[in-house]
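Read-outs: derived from the displayed coordinates by stated rules, not from any lab. Please read these numbers as outputs of a predicted model, since none were measured by experiment. Cβ placement follows ideal geometry from the backbone for every residue including glycine, while neighbour counts extend to all protein chains displayed.
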Amino acid sequence: MQTILVDPYPREMKLIFTPKKLQLLKKKYQLINAPNKNKQNFYEKNIAKADFIIGQPNLPSSLLMKAKKLKAIFNVESNFMDNMDYEYCFSNNIYVLSTAPVFAQTVAEIAVGFTFSLKRDIHQSHLDFIKGQEKYGLEGNKGSSLLKNNQIGFIGYGDLAKNLHPLLKPYTDNFFVYDPWLSEKQLRDWGTTPCSLNKIFKDCDVIYILATITNKNQNMIDHKLLNLMKENACLLILSRASVINFNDLIKTIKKKKIKVATDVFPEEPVKKNDPIRKEKNILFSAHRAGALTEVFYEMGEIVFEDLLLLSKGLPPRLCRKAELETVKSLRSKPVDVN
């Protein structure tokens, strides 16, 4: 029987796997659970037994050298982090996998909801009605506009954008992308136009921030780009908060009429007295775009199916594989809340 070291924090196995699937996992594999403390000692003692790891522990080469049986590490936090010797893993045929693909559809769907709320001020109209300050008809639609024929900008064109793009196609064919990790031919073949950040912020009516965080793009979206935005243009932040300079964002919306929705923040949970809470032109969501029970269970499904493939000597097909050329550049901050 093959052995799995179980260390999914901040997730829990009961969050990831249905009771039935967890029972099946225990039947097919020997599970050894990592403790909450003294993890270094745990891995020193047990990593030689491991065929697989479910989790994203710190794994320097000194530990990995003892993992003679290790076939794959399943990162169920879903963001590749700078916490293991990736070069050693690649050199020794150890897959490093992420469950990130499960979040693409759920984030894309809520992004569409945010978009319509920004375009038509749905959230503000609701609040006005509760306060008895509603405006009827045309008066209640000042600053509103259609999504039809809008120019759409994607900052990053990974799983999230690939799922969001077809949901927006009924409204427009004008899609522009900035993604330095993809070729121009790929982007054109996918029905988008590759272009610069400046062009996207200057020309697009709706801009989606969908990029992962790297050692090169922290605070990339600053006042210079934000000030290029058209009046009533929409900015939706759905990926990593560190890509945005939030101080510049707040300063910009105080003097420029743009609309913003964000699901992520530089510090979470956001402090109760954080001044961002007072900004009226922001639609807030508390890092909940991807968090659905059915989505977490899908995470368990793709881990389980890839475990079965790997156990038969076949490559994984469902989880995302780390790429050595890019994974070393990633600087994702671990999540604290599921």
Give me Rg over Rh for segment 75-163, both radii from the alpha carbons and Rh done the Kirkwood way, two decimal places. 1.24
Normalised convex hull volume, segment 144-229, alpha-carbon set, Å³ per residue: 95 Å³
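Expressed in nm to one decimal, what extension gain is obtained for the pair LYS39 and ASN83 from 0.36 nm per residue of sequence separation less their Cα-Cα distance?
Working: separation 44, 0.36 × 44 = 15.84 nm, distance 1.40 nm.
So the extension gain works out to 14.4 nm.
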Kindly work out what percent of the DSSP beta bridges joining two residues of the chain are antiparallel, to the nearest 5. 5 percent
Residues of segment 16-59 with amide N under 15 Å of a point placed 7 Å along Cα→Cβ from LEU308: 18, 20-29
So how much slack lies between PHE284 and LYS199, counting 0.36 nm per residue of separation and subtracting their Cα-Cα distance, in nm? 28.0 nm
Residue by residue through segment 238-255, which ³J(HN,Hα) values in whole Hz follow from phi under the Karplus form 6.51 cos²θ - 1.76 cosθ + 1.60 (θ = phi - 60°), with glycine and proline marked x? 10, 10, 9, 4, 5, 5, 9, 7, 5, 5, 5, 4, 5, 4, 5, 6, 6, 10
Mean shadow area (nm²) of the C-alpha convex hull around segment 1-84 is 5.3 nm²
Listed by chain and number, the aspartates and glutamates with an alpha carbon less than 14 angstrom from that of LYS28, same-chain partners under 8 positions apart left out, are ASP51, GLU305, ASP306
Excluding residues fewer than 8 places away in the same chain, name every one of the lysines whose C-alpha is closer than 19 Å to that of LYS255. LYS142, LYS202, LYS224, LYS230, LYS278, LYS280
FRET efficiency (LEU324, LYS162; Cβ distance; R0 30 Å; to 0.05) is 0.85
Tail fraction, Cα-Cα pairs, the chain, threshold 29 Å, whole percent: 44 percent
In degrees between 0 and 90, to the nearest 10, how far off the longest principal axis of the chain does helix 104-120 point, with axes built from Cα atoms? 10 degrees
Test of understanding: what is the full-extension gain from LYS254 to LYS148, defined as 0.36 nm times their sequence separation minus their Cα-Cα distance? 35.4 nm
Value in Å of the Kirkwood radius, where segment 206-338 supplies the Cα pairs that are averaged: 17.1 Å
Starting from the 7 Å offset along Cα-to-Cβ, what nm value, one decimal, do you get for the label separation of VAL270 and TRP190? 2.9 nm
Out of every Cα-Cα pair in segment 34-183, what percent are more than 22 Å apart? 60 percent
State which entries of LYS27/LYS71; LYS135/LYS251; LYS119/LYS321 exceed 31 angstrom in Cα-Cα distance in the structure shown. LYS119/LYS321
